Amino acid sequence: MNHRFGLFDAFLIKDNHLAFAGGVAEAVRRAQSNSMGMKVQVEVETLAQLEEAIAAGADSVLLDNMDCETLQQAVEIAGGKVTTEASGGITLETVRQVAETGVDFISVGWITHSAPSLDFSLELQKSG
């Protein structure tokens, strides 16, 4: 099930936003001041960034490319204060292990970015 449908559903603060804003706390503050009531989600790559996102008041965190042990630690640190979402490198072979870490959601991008393409064309011909 999708828990969001597009970039219009919430603010998603990614690594470039963090760099531009000067860090997690400032990026969250700026997003919240312009959120118009939308949720603010922060993509984090480390447990330190996770702790900073929680302290800054983010609504949820995207746990990017973390192994299962780190995901379990992240879920413990989050402790229900934020919604957790695992992302990056998740396949049908690994999704069960990721789910068992206790994250709230799992993003599975390979479904779209790894789908084979279909080569077809549509040619119109003038009749008569």
Alpha carbons only, please: Rg and Dmax for the stretch 13-80, in angstrom.
11.5, 36
For the chain, what size does the Cα cloud have along each of its three principal axes, sorted from largest down, in whole Å?
71, 37, 25
Name the lysines eligible as straight-distance cross-link partners of Lys39: C-alpha to C-alpha under 21 Å, and not fewer than 8 places from it in the same chain.
Lys14, Lys81
In whole percent, what relative contact order does the stretch 10-108 give with Cα contacts below 8 Å and a gap of six or more residues?
22
Roughly how big is the stretch 10-108's charge dipole about its Cα centre, with Cβ charges of +1 (Lys, Arg) and -1 (Asp, Glu), in debye to the nearest 20?
440
Taking 0.36 nm per residue of separation between Lys14 and Glu100 and subtracting their Cα-Cα distance, the length gained on full extension comes to 28.4 nm
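Which order do peptides 93-104, 60-71 fall in by mean Cβ count within 10 Å, highest first? Before the final figure, lay out the partial values.
Values: 93-104: 14.7, 60-71: 18.8.
Ranked from most to least packed, the peptides come out as 60-71, 93-104.
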Sum of side-chain charges, Gly89 neighbourhood, beta-carbon under 10 Å (Lys, Arg +1; Asp, Glu -1)
-2
Starting with the highest mean, order 31-37, 13-19, 120-126, 83-89 by the number of other Cβ atoms within 10 Å, averaged over the residues of each peptide.
83-89, 13-19, 31-37, 120-126
What does the charge add up to near Gly102, with Lys and Arg as +1, Asp and Glu as -1, over the other residues with Cβ less than 15 Å from its Cβ?
-4
Starting from the 7 Å offset along Cα-to-Cβ, what nm value, one decimal, do you get for the label separation of Leu92 and Glu69?
2.9
Neighbour cut-off at most 13 other Cβ (10 Å), DSSP loop, chymotrypsin sites (Phe, Trp or Tyr not before Pro), the stretch 2-77
Phe5, Phe8
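Can you give the extra length, in nm with one decimal, that the chain gains between Ser33 and Asp119 once fully stretched, where that is 0.36 nm per residue apart less the Cα-Cα distance? Don't skip to the answer; put the middle values down first.
Details: separation 86, 0.36 × 86 = 30.96 nm, distance 4.57 nm.
Taking 0.36 nm per residue and subtracting the Cα distance, the gain is 26.4 nm.
Any read-out appearing in this document is the output of simple, stated calculations on the displayed coordinates, not a laboratory observation. None of these values were measured; they are calculated from a predicted model. Methodologically, a virtual Cβ is constructed for each residue, glycine included, from the backbone with ideal geometry; neighbour enumeration extends over all protein chains shown.
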